[in-house]
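Working notes, structure below.
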Amino acid sequence: MNNFLDKCRAAVGASNVLTAPEDTAAYLTDWRRRYTGKALAVVRPGATAEVAAVVRLCAEFRVPIVPQGGNTGLVLGSVPDQSGSAIVLSLNRMNRIRAIDPINNTITVEAGCILQQVQGAAAESGRLFPLSLAAEGSCTIGGNLGTNAGGTAVLRYGNMRELCLGLEVVTPQGEIWNGLSGLRKDNTGYDLRDLFIGAEGTLGVITAAVLKLFPQPKAQLTALAAMQTPEDALKLLPMAQAQCGAALTGFELMSDFCLRLVTKHFPQMQLPFPQPYPQYVLLELSDSESEEHAMAMLEGLITAALEEGVLQDAVVAASIAQSKSLWQLREHISLAQAEEGKNIKHDVSIPISRIGDFIRETDALLQREFPQCRMVTFGHLGDGNLHYNVSPPEHISDEAFIARQDEVNRVVHDSVHRFGGSISAEHGLGALKREEIRRYKPDIEFTLMRAIKKTLDPLNLMNPGKVL
């Protein structure tokens, strides 16, 4: 493969073809540091033409390609396998904001742009790019598109598929498809864009995108509401939608145990209530009129919910600092889990109306099979996406519990299926859930997906072993 690597060096520059273990290590280990693969090299192109040149070389030499952005995924979708035959195609040098059109409300960015960078560029132009994730300081737009990322504002703005108008893609043959259209209406054939969004790099390499922007809200208000059960949260949601309409941009469910973990491991963060409650909802309103208008809506909602017994208590942030403090409680849940020890994560979606029943019944099943396991349940209730994580009992070691991961997954995923849900809401399948999904999808879906894969990538070089 020396000839192949020499040609890659000629295409992208010798310094951007990494082969030394100390240089490649960070690209080969997954975000949770549970798996490390092997690669022939890490190749770092700096432009779309360089990506195309590298992909053509891979087709010529039959070298598999693992596209990688920020490598923040949780399902082993952006790391290579153990064969050492693939290259990791890192897009982190392709991080330019190509254009902003505030009249058309669009921003054109390269795939290696950090999400936070795009949010900042939009804000500088007086616009909002609403995708918001806990990993927004390190995840990239290419990865967000490859996994159809959701985040905390899907309720109002939709996930990444809804936020993207056009793509630039390098095909598995090394051709460049320039579909960077800022059009909202274009009914001229198959929607190729949607094939690549959510495909986890298995059909081609996304190199740039045209994304939707929105006017900056005149006011953003945050409230934390305390209640007894997830069913109470489901009663609050339609009340909030009726009272606040499109101004409701965030509706996050968090259990008491989630926030106890946060305050345990980050003692500078404390709950704003004199006593604990079993469940909490973090609400955010983004209003286009004024702070006074937003406050009136929020106070009216809270008053009505308290009067009907849906809420036990609530607090509204009185400043930007207080709002950030409330959001930090939510954003530090995953960090607190990591501090507590290993856990078994599930990124699932359930029909919103059935979430309360799902939590109650699945919690009971897990307690029966794994007594005293600890449930870390939180997520985007407004769009039905739960992070339904299971921590080991305090008297059992992490390693002993993780060894039973397949058993835990079977209980949870079978329950998700019974409730008409999906075992992957926004993290994708990668290699981690590739076999598991076969239990729940009908054969016709796999037949159709394989046909698409074979047509676009007949040599099976694009992220092989992921999704299918």
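The values are calculated or read from the model by the stated rules, or taken from the named source; none is laboratory data. Quick caveat: nothing in here was measured; it's all calculated off a predicted structure. A quick note on method: Cβ atoms are made from the backbone with ideal geometry, for glycine too, and the neighbour counts reach across all protein chains shown.
See the values below:
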| item | result |
| --- | --- |
| Unique match (being under 30 Å from Gly341 (Cα atoms), within 29 Å of the chain's Cα centre (by Cα) and of a type in the set (Lys, Arg)) among Arg33, Arg44 | Arg33 |
| Conditions (1) touching a Ser or Thr at 6+ places or on another chain (Cβ under 6 Å); (2) modelled with pLDDT of 95 or more: number failed by Ile444 | (1) |
| Residue in the range 257-270 that is of a type in the set (D, E, K, R) and modelled with pLDDT of 95 or more present | yes |
| Residue in the range 37-46 that is in a loop (DSSP other than H, G, I, E, B), outside the structural domain of Thr202 (by TED's automatic domain parsing), touching an Asp or Glu at 6+ places or on another chain (Cβ under 9 Å) and not basic (Lys, Arg) present | yes |
| Residue in the range 70-89 that is under 15 Å from Asn16 (Cα atoms) and not aliphatic (A, V, I, L, M) present | no |
| Qualifying residue in the range 442-451 (condition: part of a loop (DSSP other than H, G, I, E, B) and farther than 26 Å from Phe257 by Cα) | yes |
| Out of Thr171, Thr229, Thr188, sole residue that is over 19 Å from the mean Cα position of the chain (by Cα), among the hydroxyl-bearing types (Ser, Thr, Tyr) and under 30 Å from Ile302 (Cβ atoms) | Thr229 |
| Single unsatisfied condition, Leu459 versus (1) part of a loop (DSSP other than H, G, I, E, B); (2) surrounded by 15 or more Cβ atoms within 10 Å (Cβ to Cβ); (3) at pLDDT 95 or above | (2) |
| Candidate set: the range 1-40, residues that are touching a residue at least 12 places away in the same chain (Cβ under 8 Å) and among the acidic types (Asp, Glu); chosen: the one nearest to Ala53 (Cα to Cα) | Asp23 |
| Helices (runs of 4 or more DSSP H) (entirely within the range 94-185) containing at least 1 residues that are farther than 22 Å from Gly428 by Cα | 115-124 |
| Selected residue (criterion: surrounded by the most Cβ atoms within 10 Å (Cβ to Cβ)) from residues of the range 15-37 that are small (Gly, Ala, Ser) and touching a helix residue (DSSP H, G or I) at 6+ places or on another chain (Cβ under 9 Å) | Gly37 |
| Any hit, the range 441-454, residues being touching a residue at least 60 places away in the same chain (Cβ under 8 Å), out of contact with any strand residue (DSSP E or B) (no Cβ under 7 Å at 6 or more places or on another chain) and either surrounded by fewer than 18 Cβ atoms within 10 Å (Cβ to Cβ) or under 30 Å from Gly382 (Cα atoms) (or both) | yes |
| Lone qualifier among Val310, Val281, Val315, Val348 - being under 23 Å from the mean Cα position of the chain (by Cα) and assigned by TED's automatic domain parsing to the domain that holds Gln228 | Val281 |
| Condition check for Ser125: among the small types (Gly, Ala, Ser) and under 20 Å from the mean Cα position of the chain (by Cα) | no |
| Conditions (1) surrounded by fewer than 17 Cβ atoms within 10 Å (Cβ to Cβ); (2) closer than 18 Å to Val75 by Cβ; (3) touching a residue at least 60 places away in the same chain (Cβ under 8 Å); number of the one not met by Gly379 | (1) |
| Number of positions in the range 297-314 that are assigned to a helix (DSSP H, G or I) and surrounded by 14 or more Cβ atoms within 10 Å (Cβ to Cβ) | 8 |
| Filtered residue count, the range 102-128, keeping only those that are in contact with a Lys or Arg (Cβ under 8 Å, 6 or more places away or on another chain) and of a type outside the set (Val, Ile, Thr) | 5 |
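Yes/no per residue for (1) among the hydroxyl-bearing types (Ser, Thr, Tyr); (2) modelled with pLDDT of 95 or more; (3) in contact with a Lys or Arg (Cβ under 6 Å, 6 or more places away or on another chain):
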position: Asp191; (1), (2), (3): no, no, no
position: Val210; (1), (2), (3): no, yes, no
position: Met227; (1), (2), (3): no, yes, no
position: Asp232; (1), (2), (3): no, yes, no
position: Leu237; (1), (2), (3): no, yes, no
position: Ala240; (1), (2), (3): no, yes, no
position: Glu252; (1), (2), (3): no, yes, yes
